[in-house]
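Working notes, structure below.
The values are calculated or read from the model by the stated rules, or taken from the named source; none is laboratory data. Not measured: the values here are computed from a predicted model. All Cβ positions, glycine included, derive from the backbone under ideal geometry; neighbour counts span all protein chains shown. Areas reflect the complete protein model, heavy atoms only, side chains present, ligands, DNA and RNA absent. Shrake-Rupley method; radii C 1.70, N 1.55, O 1.52, S 1.80 Å.
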Amino acid sequence: MKSEVMSTKKTENSIKSAENFKLEGEIIESIPFGSGHINDTFKITTNSPNNNFYLLQRINHHIFQDVDGLMNNIEIVCNHLKEKLAHLGDHEVIKRTMTIVQTHDHKNYYKDQNGEYWRVFILIPNTRSYDILETQEQAYSGGMAFGQFQKQLSDLDPKTIVEVLPNFHNIEFRMNNLKEAINSNPVGRVEHVQDLLNYIFEREQKMRTILELGRANKLPLRITHNDTKFNNVLLDEENNVQCVIDLDTVMPGYVAYDFGDAIRTIINSAAEDEKDLSKIILNIPLFQSFAAGYLSEAKEFLTESEIDSLIPAVHLLPYMQAVRFLTDYINGDTYYKIAYPEHNLVRTKAQLKLVHELEINNDKLTEILSENLMSN
Ligand code: GN1
Ligand code: MG
């Protein structure tokens, strides 16, 4: 009951906020939408015959403290992508990149009287996203989508974009946060997770490969997406790539992080927070298809060291995600939204099971990637 009342209140607030944007038509309804862990998302329906669906988001400004920088980044990236796609015509362009809807006073976000930040995008019609993949075709399309995304941004100077969340994929930073959480142990959870911590610390050195390659200037900094979960690509009914979404973390980064984070969801036969660890096994044909789709776009611009960093990233990203979930669990769940008290612990165990499966299949994955590189 309590949560129903709260969600009605949230929905009412969302309608009030949406009224500040240049929407076509009158707002008919606002309903909670999507499965993000950070922002609140609503689908807004209007009575306009044209663009009658919009995506309204309340930006979590405790996490994204520079909302101005964040929205500016998204605008720069969307404009760049739109230029690249201009030859397809307006009708197609609007389906292939996100489009920010401005406020009545021409801003790309709105700050309400409670200090909450809101933004609106056009909702791309006849598309859907998948938390868990169903077919190899979808994996190939997803690979192409992220490869294309990196390719289209490869001539945009990373200096034009601000680093909205510094050190986002820096494993040293994430390990330091974990160590700080262990030391302060604010809610007494450390004693219950000792096994998981041991498993993580045993792998600490091995997971530094990409960090060190980067520090030795062997990996170019490019503009990368940094949240390449498979549910961040929209596919149409025929499984063709339509659009890469969730551009909050678009920042300078290494391409391998995007590859590894995508594989984290693609290769997993179960959900990110599956409780039954026996269900977390690898779907290797999906890895093969995603890699083929990705390389069909990315091979032309990747350097040799970038190619060598792809497999290390496949191990690193689920590991780093486990480190982040466990840090949040130890800290008393202050970062990610949770649906029940042990959610972050369940998420950690699920990611570590994935790390384990990836380790025992390392040779197979390495072989598939090399075959792909040769045949592509
Ligand atoms: C968060 O909110 P969402 O689902 O887009 C997180 C990602 C994690 C992801 C795990 C800003 O993304 O880094 O990989 O959860 N985003 C941020 O599902 O921390
Ligand atoms: Mg995200």
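Being away from ligand 2 (no atom under 16 Å from the Cβ), more than 25 Å from ARG347 (Cβ to Cβ), open to solvent by 10 Å² or more (accessible area, probe 1.4 Å) and touching a Pro at 6+ places or on another chain (Cβ under 7 Å), is that true of even one residue in the stretch 270-289? No, every residue in the stretch 270-289 fails to be away from ligand 2 (no atom under 16 Å from the Cβ), more than 25 Å from ARG347 (Cβ to Cβ), open to solvent by 10 Å² or more (accessible area, probe 1.4 Å) and touching a Pro at 6+ places or on another chain (Cβ under 7 Å).
Of the residues in the stretch 322-334, at least one is closer than 14 Å to ARG203 by Cα and either assigned to a helix (DSSP H, G or I) or free of Cβ contacts under 8 Å to residues at least 60 places away in the same chain (or both).
If you go through the stretch 328-347 and keep only what is buried (at least 18 other Cβ atoms within 10 Å of the Cβ) and of a type in the set (S, T, N, Q), you end up with ASN331, ASN344. In the stretch 319-327 there is at least one residue that is more than 19 Å from LYS364 (Cβ to Cβ), open to solvent by less than 10 Å² (accessible area, probe 1.4 Å), in contact with a Ser or Thr (Cβ under 7 Å, 6 or more places away or on another chain) and among the small types (Gly, Ala, Ser).
Screening the stretch 233-247 for residues that are open to solvent by less than 10 Å² (accessible area, probe 1.4 Å) and closer than 25 Å to ASN108 by Cα and picking the one that is nearest to ligand 2 (Cβ to nearest atom) gives LEU247.
Where helices (runs of 4 or more DSSP H) sit wholly within the stretch 1-112, those with at least 3 residues that are open to solvent by less than 50 Å² (accessible area, probe 1.4 Å) and in contact (Cβ under 8 Å) with a residue 40 or more places away in the chain occupy 2-18, 67-85.
Which count do you get for residues in the stretch 348-373 that are hydroxyl-bearing (Ser, Thr, Tyr) and surrounded by 14 or more Cβ atoms within 10 Å (Cβ to Cβ)? Summing the residues that are hydroxyl-bearing (Ser, Thr, Tyr) and surrounded by 14 or more Cβ atoms within 10 Å (Cβ to Cβ) in the stretch 348-373 gives 1. Of the helices (runs of 4 or more DSSP H) entirely within the stretch 128-203, those holding at least 2 residues that are under 17 Å from the mean Cα position of the chain (by Cα) and of a type outside the set (A, V, I, L, M, F, W, C) occupy 136-152.
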